[in-house]
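Contents: one structure, followed by commentary.
Derivation of every value follows stated rules applied to the coordinates shown; laboratory data play no part. Just so you know, these numbers come straight off a predicted model, no measurement behind them. So basically every Cβ, Gly included, is an ideal-geometry build from the backbone, and we count neighbours across all protein chains shown.
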Amino acid sequence: MSAQDGQDGQERELAGDDPEERDPGLGRERTSLAWTRTAISFAALGGTVLKVNVITGLVILAIAPVVWQLGRVTRGSTPEAGLPAPALPTVGATRLFIIAVSIAVVALLCLIVALLGSSAPGALR
Amino acid sequence: MSWSSRLAALLPATVARDAGGTEPDPRFTFANERTFLAWSRTALALVVAGLGIVQLLPPFPGVPVGRHLLGVPLIALGAVLAVVAYAEWVRNQRALRRGEPLPQSFMPWILAAAIAGMALISAVVLLVSALR
């Protein structure tokens with residue numbers, strides 16, 4: 001270990017950068033990644049619907065950044081040097097309620113598109 | 001408990017008011033949230049699969065409603081899973097806050113039954129299509 005590393009390590013400790021203390025079980029990190037995957041799933045669904053119905057596809061695609069933004073609440077801020085690590089956020093039900101309602105609405109839209117939209121048979125042939 | 005009061009108990013304002021107990025270990029809170037998100041992605045995957053079957057697959061010869069028979073239940077199941085996943089998140093979070101044992105989850109049972117049912121319908125549609 002070089003002198004540079006030692007100095008960095010000391011700074012990290014000052015910033016409360018002990019991973020277990022700042023983010024127990026890396027829960028915040030893993031949850032943040034789960035939100036990102038969910039946002040990508042919305043985008044993937046939007047991309048598929050885009051092939052069938054452009055307006056509905058764009059509506060679903062527009063939900064993806066909103067989901068990603070909702071996930072940012074979980075991420076919290078990086079602690080500043082010398083300050084104690086920020087408290088872990090209290091998870092509100094509103095964000096998850098929005099996701100559940102969004103999926104139900106998206107499913108309804110897809111049902112309408114599936115029943116009334118003109119199909120493109122053989123696109124997956 | 002009527003259905004309307006059950007649904008009203010799931011509204012975020014009601015959930016926050018009735019939470020009770022104390023804030024649990026953040027690891028458990030995050031794990032509960034990730035479980036909800038994983039079910040949400042499963043729901044989205046079901047919706048995209050259903051839409052793909054109805055809109056993009058070639059029609060089954062001899063079974064004109066075959067694609068709808070397979071796709072529409074998948075899309076509906078996606079909507080149901082999303083709502084049930086939220087309800088389970090609320091129940092789990094409440095149990096965690098009160099230090100009670102986690103309630104039994106019905107979601108794996110719902111998903112397993114639905115997948116088995118869909119597999120059965122798929123087999124019937126394919127057989128009928130092949131025999132005609």
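Using r as the Cβ-Cβ distance of residue A:30 and residue B:11, and R0 as 22 Å, what FRET efficiency do you calculate, to the nearest 0.05?
Plugging the Cβ-Cβ distance into 1/(1 + (r/R0)^6) gives 0.20.
Quick one: if the Förster radius is 45 Å, what FRET efficiency do residue B:25 and residue B:126 give, using the C-beta to C-beta distance and rounding to 0.05?
The pair residue B:25/residue B:126 has a calculated efficiency of 0.35.
Picking from B:85, B:43, B:114, which is most flexible by a Gaussian network model of chain B using Cα springs under 10 Å?
Maximum fluctuation in the GNM of chain B, among the listed residues, is at B:114.
On full extension of the chain, what length is gained from residue A:37 through residue A:55, given 0.36 nm per residue of separation minus the C-alpha to C-alpha distance?
Residue separation times 0.36 nm, minus the Cα-Cα distance, leaves 4.1 nm.
What's the average, rounded to a whole number, of partner chain beta-carbon atoms within 10 Å of each residue's beta-carbon in B:75-85?
Mean partner-chain Cβ count within 10 Å for B:75-85: 5.
Assuming R0 = 25 Å, what is the FRET efficiency of residue A:101 and residue B:68, from their Cβ-Cβ distance, to the nearest 0.05?
Calculated value: 0.45.
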